[in-house]
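Colleague: There's a structure below that I have some questions on.
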Amino acid sequence: MPPKLGSEPKNCHYVTQSLTVPWEAEQRVLRYFDFDTEKFEAKPSKHLFADERINSPSVEAWLSKLVETPLGIQRRRVADGDMQALESWRYYRAAMLMVWLQGTRVSALRDLDSRDHLERLAKQPIEQTDQLVWLFRQEYELARVTTIRNEAGIAPLFFPGGGIFPVLFRDGGCLSGWATAFALPVALHCALLVLPLDADGRRDLDEVPSRLANFSVGTSKTRKVVIAPAAFKRNTEDQLREQLLRTRARNDALFENARAAKQCVIDMCSFTGLVPIFDGADRMHFSR
């Protein structure tokens, strides 16, 4: 329940609690790996990814009404494969804002500018918020992607402490050959993707399902990841620790290679005098 306006929200979640429900063990406990200490810890979902007095009562109420509650209503339908659940503008808007505001919500832990940004958003007319989401829609779309299944069952996703994680995919619509989507885990087996619109049918998502679980570990910016309870039944903590550290290092390398490829194109264009165009999804091209 959102706090009553005028009351002080003492336990503000910067990752919406309803999203981590599929990762909960008994008594709503979440087990997670802390990359800073390289140890496994456990904490009730009520207190993980939360802190005191991050947001004002008005921001908490706004997030609940416009983002958290609508997406929470439809999360299970999306997880079950029904993307029509987001066709209504109320639910589509909630999904887009959940992803796009996540970075700001995490930054608001320590950054007063991010808190001010959320305050301004909460105070603006709903028409301005709708316009913002409409602008997102001109460059990005929503999609659902599932992880792979093997003889042991699904390869479950991790839930990153930032709430979302980047996904790298091949895209011939960018001169570097790569583009980035942002994934929001909605169940152990699937995530909601906000990804750049297809550029002339050149987007290739074939490899994403097999890499999704690895991508969900995040990069070095991710300090904690929640782990599905079943993972502890199939692996020892030492095995999981090695897997997580190795996977995060691999993710760092993949994104660094993608950045290097983009910089190589920029350097080449500078040398030849060509001027690449950047679209709203940060893809480079000359013309379309």
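Colleague: Could you give the length gained on full extension between Ser18 and Thr69, defined as 0.36 nm per residue of separation minus the Cα-Cα distance, in nm?
Modeller: Values: separation 51, 0.36 × 51 = 18.36 nm, distance 0.90 nm.
Result for the pair: 17.5 nm of gain on full extension.
Colleague: Residue by residue through segment 39-44, which ³J(HN,Hα) values in whole Hz follow from phi under the Karplus form 6.51 cos²θ - 1.76 cosθ + 1.60 (θ = phi - 60°), with glycine and proline marked x?
Modeller: So the Karplus estimates, Gly and Pro as x, are 10, 8, 10, 9, 7, x Hz.
Colleague: Take the Cα gyration tensor of segment 12-139, multiply each eigenvalue by 5, square-root it, and list the three semi-axes largest first, rounded to whole angstrom.
Modeller: Values: eigenvalues 135, 83, 31 Å².
Semi-axis lengths for segment 12-139 are 26, 20, 12 Å.
Colleague: What is segment 151-288 by shape, rounded, prolate or oblate, if you read a ≥ b ≥ c off the alpha carbon gyration tensor as root eigenvalues and call it rounded for a/c under 1.5, prolate for a/b larger than b/c, and oblate otherwise? The partial results should precede the final answer.
Modeller: Values: a/c = 2.88, a/b = 2.06, b/c = 1.40.
Since a/c reaches 1.5 and a/b is larger than b/c, the shape of segment 151-288 is classed as prolate.
Colleague: Oh, and also: Under a crude label model (7 Å from the Cα following the beta-carbon direction), how far is Glu41 from Cys269 in nanometres?
Modeller: 4.3
Colleague: A further question on this structure: At a Förster distance of 41 Å, what's the computed FRET efficiency of Asp238 paired with Met83, Cβ-Cβ distance as r, to 0.05? Intermediate values should be presented prior to the final figure.
Modeller: On the way: r = 39 Å, r/R0 = 0.96.
Efficiency, rounded to the nearest 0.05: 0.55.
Colleague: Let me check against my output: what whole-number percent is the relative contact order of the chain, with C-alpha pairs under 8 Å and at least 6 apart?
Modeller: On the way: 450 pairs, mean separation 56.5, N = 288.
Rounded, it is 20 percent for the chain.
Colleague: Rounded to two decimals, what is the ratio between the C-alpha radius of gyration of segment 100-151 and 2.2 N^0.38 Å? Intermediate values should be presented prior to the final figure.
Modeller: Working: Rg = 15.9 Å, N = 52, 2.2 N^0.38 = 9.9 Å.
Relative to the rule-of-thumb radius for its length, segment 100-151 sits at 1.61.
Colleague: Could you tell me what fraction of 2.2 N^0.38 Å the Cα radius of gyration of the chain comes to, as a two-decimal ratio?
Modeller: Numbers: Rg = 19.5 Å, N = 288, 2.2 N^0.38 = 18.9 Å.
Ratio of Rg to 2.2 N^0.38 Å for the chain: 1.03.
Colleague: OK, next. Any idea how far the Cα center of segment 91-142 sits from the one of segment 255-288, in Å?
Modeller: 28
Colleague: Tell me the net charge near Leu118. Cut-off is 11 Å between Cβ atoms, Leu118 excluded, with +1 for each Lys or Arg and -1 for each Asp or Glu. Display every interim value, and only then the final one.
Modeller: Values: positive: Arg105, Arg115, Arg120, Lys123; negative: Glu60, Asp111, Asp113, Asp116, Glu119.
Net local charge, Leu118 excluded: -1.
Colleague: Now for a different question. Can you tell me how segment 105-215 classifies by the Cα gyration tensor, rounded, prolate or oblate, using a/c under 1.5 as the rounded cut? Could you put the intermediate results ahead of the total?
Modeller: Details: a/c = 2.30, a/b = 1.42, b/c = 1.62.
Oblate shape, in that a/c is at least 1.5 and b/c is the bigger or equal ratio.
Colleague: Listing Cys174, Cys12, Cys269, Cys264 from the residue with the fewest other Cβ atoms within 10 Å to the one with the most, what is the order?
Modeller: Values: Cys174 26, Cys12 20, Cys269 15, Cys264 12.
With the fewest neighbours first, Cys174, Cys12, Cys269, Cys264 line up as Cys264, Cys269, Cys12, Cys174.
Colleague: Another question, if that's okay. With +1 on each Lys and Arg Cβ and -1 on each Asp and Glu Cβ, how big is the dipole of the chain about its Cα centre, in debye rounded to the nearest 20?
Modeller: 500
Colleague: HN-Hα J couplings of segment 180-193 from phi, Karplus 6.51/-1.76/1.60, θ = phi - 60°, integer Hz, Gly and Pro as x?
Modeller: Using θ = phi - 60°, the values come out as 10, 10, 10, 10, 10, x, 10, 6, 4, 10, 8, 9, 9, 9 Hz.
Colleague: Only helices at least 15 Å long along their axis, Cα-based, and averaging 0.0 or more on Kyte-Doolittle count here, so list those DSSP H runs from the chain.
Modeller: Values: long enough: 69-79 (16 Å, -0.49); 89-100 (16 Å, 0.17); 112-123 (17 Å, -1.18); 126-137 (16 Å, -0.08); 237-272 (52 Å, -0.60).
Span-like helices in the chain: 89-100.
Colleague: Between Gln124 and Arg170, what length comes free when the chain is fully extended (0.36 nm per residue of separation minus the Cα-Cα distance, one decimal in nm)?
Modeller: On the way: separation 46, 0.36 × 46 = 16.56 nm, distance 3.75 nm.
Answer, rounded to one decimal: 12.8 nm.
Colleague: Full-extension gain between Glu256 and Arg110, please, as 0.36 nm times their residue separation minus the C-alpha to C-alpha distance.
Modeller: Value of the extension gain: 49.9 nm.
Colleague: Here is a further query. Which entries in the list Lys46/Lys123; Lys43/Lys262; Lys46/Lys262; Lys233/Lys262; Lys46/Lys233 go over 32 Å, if you measure between the two C-alpha atoms of each? Present the calculation step by step, with values, prior to reporting the outcome.
Modeller: On the way: Lys46/Lys123 27 Å; Lys43/Lys262 40 Å; Lys46/Lys262 41 Å; Lys233/Lys262 41 Å; Lys46/Lys233 24 Å.
Pairs exceeding 32 Å: Lys43/Lys262; Lys46/Lys262; Lys233/Lys262.
A short reminder: the numbers here are calculations on the coordinates, not readings from a lab. In this text, all values refer to a predicted model and were calculated from it rather than measured experimentally. Don't worry about glycine lacking a Cβ; one is built from the backbone with ideal geometry, like all the others, and counts go over all protein chains shown.
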